[in-house]
Amino acid sequence: MFNYGYTANTFARNVIMDVSFKIGRVDAALRMLKETQDPNFLTYNTAICNLCKLNDLMNIKDVLQKMLRKGYYLNARTFSMVVNCFCKLGRLDEALQLLGLMISLGR
C-alpha cells in the first residue's frame, strides 16, 4: 500500500498496527505508532493493550507517557489491564502510582 504512493489514514494505521502486534511484529507495530501523524485515543489504547499482553513494561510506559502528553487518558478497562500487568510482573509500586493517577483523574 505504502509502496504505491497511498497513505493510510489513522483508522487504517490502527488496524495495521493491531495486526502487526498480533503476528509478533512488535517492532513494526511500534514504528507504525511512531509514524502515525494524528494518533487518537484508539491508536494508543490498541498499542497499550497489545503491549500488556506481551508484558512489555518499557514500551507500555513509553506509550503511556506519549498518550498523556497528547491529552488522552486511559479508560477504566485499560487502566485495569495495565495495573494487572504491572502486578503480575511484581511492579507493585508502579501499579499503585497508576492507581493514584486513576483516582486523581476521577476515572
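Taking all protein chains as present, what is the carbon and sulfur share of the accessible area of the chain, in % to the nearest whole number, probe 1.4 Å? The partial results should precede the final answer.
Working: 3620 of 6690 Å².
Exposed carbon and sulfur together represent 54 percent of the surface.
Any chance you could run the full-extension gain for SER80 through LEU96? It's 0.36 nm times the residue separation minus the Cα-Cα distance, nm to one decimal. Don't skip to the answer; put the middle values down first.
On the way: separation 16, 0.36 × 16 = 5.76 nm, distance 1.16 nm.
Roughly 4.6 nm would be gained on extension.
Taking Cα atoms, how many degrees apart are the long axis of helix 57-69 and the longest axis of the chain, rounded to 10 and kept between 0 and 90?
Approximately 80 degrees, to the nearest 10.
Under a plain spin-label model, where a point goes 7 Å from the Cα along Cα-to-Cβ, how far apart in nm are LEU57 and ASP27?
My value for the distance between the label points is 2.4 nm.
Please give the calculated 222 nm ellipticity per residue for the chain, where each DSSP H segment of at least 4 residues contributes -39500 (n - 2.57) and the sum is spread over every residue; nearest 500 deg cm²/dmol?
-22500 deg cm²/dmol
Which Cys residues of the chain have no other Cys Cβ less than 4.7 Å away and so no disulfide-compatible partner by this rule?
CYS49, CYS87
Remind me, what semi-axes does the chain give for its equivalent ellipsoid, largest first in whole Å, using sqrt of 5 times each Cα gyration tensor eigenvalue? Could you put the intermediate results ahead of the total?
Values: eigenvalues 141, 47, 18 Å².
Ellipsoid semi-axes (Å, largest first): 27, 15, 10.
The values are calculated or read from the model by the stated rules, or taken from the named source; none is laboratory data. The shown structure was predicted, so the numbers you read here are calculated from the model rather than taken from an experiment. Methodologically, a virtual Cβ is constructed for each residue, glycine included, from the backbone with ideal geometry; neighbour enumeration extends over all protein chains shown. With ligands, DNA and RNA removed, areas are computed over all heavy atoms of the protein, side chains included. Shrake-Rupley method; radii C 1.70, N 1.55, O 1.52, S 1.80 Å.
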